[in-house]
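The values are calculated or read from the model by the stated rules, or taken from the named source; none is laboratory data. Only a predicted model underlies this, so the values are computations on that prediction, with no experimental measurement involved. Counting neighbours? That spans all protein chains shown, and the Cβs are built from the backbone with ideal geometry, glycine included.
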There are 6 protein chains.
Amino acid sequence: MSTNEKNRLDEFRQARAEGNDKVLDADHLGIKRFFNLDTNTYKDGALTGKTKELLGLVASAVMRCNDCIDYHLEQCAEAGYKKDEIVDALNVALVVGGSIVIPHMRHAMETLELLQQEGTLETK
Amino acid sequence: MSTNEKNRLDEFRQARAEGNDKVLDADHLGIKRFFNLDTNTYKDGALTGKTKELLGLVASAVMRCNDCIDYHLEQCAEAGYKKDEIVDALNVALVVGGSIVIPHMRHAMETLELLQQEGTLETK
Amino acid sequence: MSTNEKNRLDEFRQARAEGNDKVLDADHLGIKRFFNLDTNTYKDGALTGKTKELLGLVASAVMRCNDCIDYHLEQCAEAGYKKDEIVDALNVALVVGGSIVIPHMRHAMETLELLQQEGTLETK
Amino acid sequence: MSTNEKNRLDEFRQARAEGNDKVLDADHLGIKRFFNLDTNTYKDGALTGKTKELLGLVASAVMRCNDCIDYHLEQCAEAGYKKDEIVDALNVALVVGGSIVIPHMRHAMETLELLQQEGTLETK
Amino acid sequence: MSTNEKNRLDEFRQARAEGNDKVLDADHLGIKRFFNLDTNTYKDGALTGKTKELLGLVASAVMRCNDCIDYHLEQCAEAGYKKDEIVDALNVALVVGGSIVIPHMRHAMETLELLQQEGTLETK
Amino acid sequence: MSTNEKNRLDEFRQARAEGNDKVLDADHLGIKRFFNLDTNTYKDGALTGKTKELLGLVASAVMRCNDCIDYHLEQCAEAGYKKDEIVDALNVALVVGGSIVIPHMRHAMETLELLQQEGTLETK
């Protein structure tokens, strides 16, 4: 994998952070509350935050949003999921969502590789 | 809740079983293999089958398919999830999928009530 | 139009109210906050609540949710939109969303007729 | 199959015709033009109308619209497709669209059975 | 914001114009009629063209199409909407469509910034 | 058309092949079986493989996935469809899926041009 690909994940993180700042700078109370609600959704509740990150990943994959997939892959890796667990979750998304999900499977696998290279995802 | 509502879940089960028979009776190898693949998806793997049922539920909810929601709710109840855990999973679907998911939240809550009444879902 | 059809809208209102009660009775803080956020979305802000009801209608139509369409049609009628304005908005949804929206156009037209019959929607 | 199920297809045809009349009675030029455009789409062109009916069916199935599926199934049967050809087309929709399409496969199979019973679809 | 970002909107405009030319050069009567119908949709009717541009924006946002969002943002800016009105409309899309819309909110905010820089969008 | 655009299709082919390798290297039995099932879907059956490629193209277009569109456009060209037949199929997708499909029509037309330039697609 090239240095260029390594940058793809870093670039996403930076663009995501800057973009979120712009959204919040628009200073709309409803949007701010939605962002706050979104953050709280993945905190421990009746289910652990870790379990809910995996739910967020599968929801993102069947709805075919690469940015959402990348965000939840990183969160899943940080929550301690191993690669084969994440792949098993992505397989659920593939079967529920069909072959139209395959391009996002390719994207997700590349992101997992990047997360492994930087040490965020445990190899085994 | 009326006797009529109780029947809604039983009627779904029967219609689903009969419908699946008709699909398989069409005798198409690709369709049969897909059904087989679908069944295997929720067996224990790197993740437990129990975890994957919850993933299937959330995928069904964000894609807004009541029949799929009912099926996975029943599977989740049988796998041992408690109501508040299922509700916490549905909340992830609500936040990811937005207010367009709300009618399916209403449907899911009614199904959960029916599953409780028949003893499939533990109340607490 | 038959008495039976008249009941379709009343039945929806009752089922929607009962269903929302069940969702809120599940007593999940995130869900309650989402419902509250949803309600506030259509209040006067930089845009009037009236304008935002029309936005909600078109969003519901392109996402093809009959319950959401019925709810926003009623809100639009109560906000004072005339039938031809609502139809003009539905046409935007038809063109953006394509012929797959047509069954929901049929549903919406029947709902508009019911709203006219009960006097919620001004005829002209 | 019960008499009741036989009525499901006839009821759909009547409701569809009445609903389309209501849509056109709204007298919106854009909507009328869209309906006209939609009809013309399935006439012979570079591809035969018969081929395009099958394309319309698969598009309807992956977008998960039962009314659209029923309409195109009838058009496909009248265009001369045999059941196993239609099933082979539905399998493409299943694989592209995933298990979320399965409830619509069940619906389609029942409709095919009704079309066979009334003689619109050739058995073999 | 960098010069590079400024180019993103200009590049989109040029690619869109060239792409539309290619689509129309394919010389398909149905496609030409659809494009004509699409253009007419946003002209004054029972609703003003200005109102319908906002409907088009929200429809594009819940259906998560960045190119469509950029096009309608520009049209909304030219129609005279102020930034806080557009943001209020995008909030409706966010609540209806859920957190999966957030990456498109980030995209939209950047486009709004570009439109402000070039003077198409009034700052207040 | 620039040399740069020519590379867009070649780059896609390479990225697609490498990405699929990564997906299969994850060594998940369910995913491998899905990929195998997907490949078999487009082989001759009750319908010819050629017909099913066109179904796959239209399904990809209404679901708005550029990578899937590019893949099926290439398969359709190799199966012997002429440009005006492919355009007629894309028109079905446009009418079913609406104006939200237009950006994907633009993308598809550019891909068709690239396929013509390299001789994969017959001009007439």
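Taken over region A:85-96, the criterion of being over 14 Å from A:Thr111 (Cα atoms) and of a type outside the set (S, T, N, Q) is satisfied by A:Glu85, A:Asp88, A:Ala89, A:Val92, A:Ala93, A:Leu94, A:Val95, A:Val96.
Of all residues in region B:103-124, those that are closer than 15 Å to B:Lys50 by Cα and either within 14 Å of chain E (Cβ to nearest Cβ) or touching a Gly at 6+ places or on another chain (Cβ under 6 Å) (or both) total 0.
Annotation: B:Thr48 fulfils all but one of (1) touching a Cys at 6+ places or on another chain (Cβ under 6 Å); (2) surrounded by fewer than 22 Cβ atoms within 10 Å (Cβ to Cβ); (3) β-branched (Val, Ile, Thr); the unmet one is (1).
Keeping to region A:5-45, report how many residues are crowded, with 19+ Cβ neighbours inside 10 Å and either touching a Lys or Arg at 6+ places or on another chain (Cβ under 6 Å) or aliphatic (A, V, I, L, M) (or both). The qualifying residues number 7. Comparison of A:Ile69, A:Ile31 shows that the only residue that is within 30 Å of B:Gly80 (Cβ to Cβ) and among the hydrophobic types (A, V, I, L, M, F, W, C) is A:Ile69. Would you check which residues across region F:82-102 are closer than 21 Å to C:Ala59 by Cα, assigned to a helix (DSSP H, G or I) and touching a Gly at 6+ places or on another chain (Cβ under 8 Å) and list them? Correct list: F:Leu94, F:Val95, F:Val96, F:Gly97, F:Ser99, F:Ile100, F:Val101. A residue that is in contact (Cβ under 8 Å) with a residue 60 or more places away in the chain and either surrounded by fewer than 22 Cβ atoms within 10 Å (Cβ to Cβ) or closer than 20 Å to E:His72 by Cα (or both) occurs somewhere in region C:95-110.
The set of residues from region C:39-56 being among the hydrophobic types (A, V, I, L, M, F, W, C) and either at pLDDT below 95 or assigned to a helix (DSSP H, G or I) (or both) comprises C:Leu54, C:Leu55.
Residues checked against (1) farther than 27 Å from F:Asn66 by Cα; (2) not β-branched (Val, Ile, Thr):
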{"residue": "E:Lys22", "(1), (2)": "no, yes"}
{"residue": "E:Gly30", "(1), (2)": "no, yes"}
{"residue": "E:Phe35", "(1), (2)": "no, yes"}
{"residue": "E:Thr51", "(1), (2)": "yes, no"}
{"residue": "E:Cys68", "(1), (2)": "no, yes"}
{"residue": "E:Asp88", "(1), (2)": "yes, yes"}
{"residue": "E:Leu112", "(1), (2)": "no, yes"}
{"residue": "E:Glu122", "(1), (2)": "yes, yes"}
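Screening C:Tyr71 on (1) more than 12 Å from the chain's Cα centre (by Cα); (2) in a helix (DSSP H, G or I); (3) not charged (D, E, K, R) shows it passes everything except condition (1). Residues of region A:61-83 that are under 17 Å from A:Ala15 (Cβ atoms) and away from chain E (no Cβ under 14 Å): A:Leu73, A:Glu74.
Here E:Asp21 meets the list (1) without any contact (Cβ under 8 Å) to a residue 24 or more places away in the chain; (2) touching a helix residue (DSSP H, G or I) at 6+ places or on another chain (Cβ under 7 Å); (3) of a type in the set (Asp, Glu) almost entirely, failing just condition (2). Right, E:Ala61: within 21 Å of C:Ile86 (Cα to Cα) and aliphatic (A, V, I, L, M) or not? So E:Ala61 passes the test. Restricting attention to region A:30-64, the residues being more than 27 Å from C:Asn40 (Cα to Cα) and touching a residue at least 24 places away in the same chain (Cβ under 8 Å) number 9. Residues in region B:40-60 that are under 15 Å from the mean Cα position of the chain (by Cα) and facing chain A (nearest Cβ under 10 Å): B:Thr41, B:Tyr42, B:Thr51, B:Lys52, B:Glu53, B:Leu54, B:Leu55, B:Gly56, B:Leu57, B:Val58, B:Ala59, B:Ser60. Among the residues making up region B:71-80, those that are surrounded by fewer than 24 Cβ atoms within 10 Å (Cβ to Cβ) and touching a residue at least 40 places away in the same chain (Cβ under 8 Å) are B:Tyr71, B:Glu74, B:Ala77, B:Glu78, B:Gly80. For region D:17-26, state whether one or more residues are within 22 Å of F:Gly56 (Cα to Cα), over 13 Å from the mean Cα position of the chain (by Cα) and within 12 Å of chain C (Cβ to nearest Cβ). No, region D:17-26 contains no residue that is within 22 Å of F:Gly56 (Cα to Cα), over 13 Å from the mean Cα position of the chain (by Cα) and within 12 Å of chain C (Cβ to nearest Cβ).
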